[in-house]
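Scroll down for the structure; my scribbles are underneath it.
The values are calculated or read from the model by the stated rules, or taken from the named source; none is laboratory data. Model, not experiment: these values are computed from the prediction. Ideal geometry is used to build each Cβ from the backbone, glycine not excepted, and the neighbour counts take in all protein chains shown. In case anyone asks, the SASA skips ligands and DNA or RNA and just uses the protein heavy atoms, side chains included. Shrake-Rupley method; radii C 1.70, N 1.55, O 1.52, S 1.80 Å.
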Amino acid sequence: MTTANVRRFFEHLQSIDPEPVTELNYSNDFELLAAVMLSAQSTDVGVNKATAKLYPVANTPQMILDLGEAGLKSYIATLGLYNSKAKHLMETCAMLVELHNGQVPRTRKELEALPGVGRKTANVVLNVLFGEPTMAVDTHIFRVGNRTGIAPGKTPLDVEKGLLKRIPKEFMQHAHHWLILHGRYTCTARKPKCHTCAVAAECTWPEKPTAI
């Protein structure tokens, strides 16, 4: 995709949704961190159903610790990998209480030091909570980056680096959410909705229908 088309691509997405937000429900910083940790290999809808029951009972690191790992599992058992997620979340809560006064840290290094928090989770937290222009490459963004030709890459990190390099700075704050939502609802994995796609003209996908 040409530089000019990349700009037009994001201008179109911006015109449709000027202020995109995460579809994970949260009311404080810790709730977002926990929700993102729980979202691995789970849908946002599924996570929101689980946290709708969990957060009224425990929505701070200390409250999760007081709930205990078995108690936590009872709320998140509907999610994939819930055993390892519960273990990591408990360990993270302990570190937040011991090292960060119960607060979510603001640096990548501190975030990625938390059990169960990798680069993608850290990028989401840095972007959503602290307004940093990061790019958290999930399965949707990986697909969109490759399929459209914006930033092809063999690994999520390749795509992340490509997107950070190619997206104009004025779009970076919201680019993460625009791409996720575009991949989730329009540029879907099996049957992309090319005929109703707002950025079809910019897309360079070889299999894109010729008449759109």
Heavy-atom accessible area order for Asp66, Asp158, largest first, 1.4 Å probe: Asp66, Asp158
Cα shape, segment 45-84, gyration tensor, a/c 1.5 rule: oblate
Residue of Asp138, Asp29, Asp17 that the Gaussian network model of the chain assigns the largest fluctuation, springs spanning Cα pairs under 10 Å: Asp17
Alpha-carbon centroid distance for the pair segment 123-172 / segment 53-82, whole angstrom: 31 Å
In Å, descending, principal axis extents of the Cα set of segment 1-71: 53, 22, 18
Extension reserve of the Glu112-Asn83 stretch, reckoned as 0.36 nm per residue once the Cα distance is removed: 8.4 nm
With DNA, RNA and ligands ignored, accessible area of Thr196 (1.4 Å probe; Å², nearest 10): 110 Å²
In degrees, nearest ten, helix 3-16 long axis to first principal axis of the chain (Cα): 60 degrees
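Trypsin sites (Lys or Arg not before Pro) within segment 152-212: which are DSSP loop residues with at most 15 other Cβ atoms inside 10 Å?
Values: sites: Lys154, Lys161, Lys165, Arg166, Lys169, Arg184, Arg190, Lys193; in loops: Lys154, Arg190, Lys193.
Within segment 152-212, the qualifying trypsin sites (Lys or Arg not before Pro) (loop, at most 15 other Cβ atoms within 10 Å) are Lys154, Arg190, Lys193.
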Rounded to whole Hz, the Karplus (6.51, -1.76, 1.60) HN-Hα couplings of segment 91-100, x for glycine and proline: 5, 5, 4, 4, 5, 4, 5, 6, 10, 10
Solvent-accessible ranking of Leu99, Leu164, Leu54, largest area first, probe 1.4 Å: Leu99, Leu164, Leu54
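Can you put Thr134, Thr2 in order of accessible area, largest first, using a 1.4 Å probe?
Numbers: Thr134 15, Thr2 80 Å².
Output order, biggest surface exposure first: Thr2, Thr134.
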The chain, helix-only ellipticity at 222 nm - DSSP H runs n ≥ 4, -39,500 (n - 2.57), divided by all residues, nearest 500: -17000 deg cm²/dmol
Tensor-based shape of segment 83-212 (alpha-carbon gyration tensor, a/c under 1.5 rounded, otherwise prolate or oblate): prolate
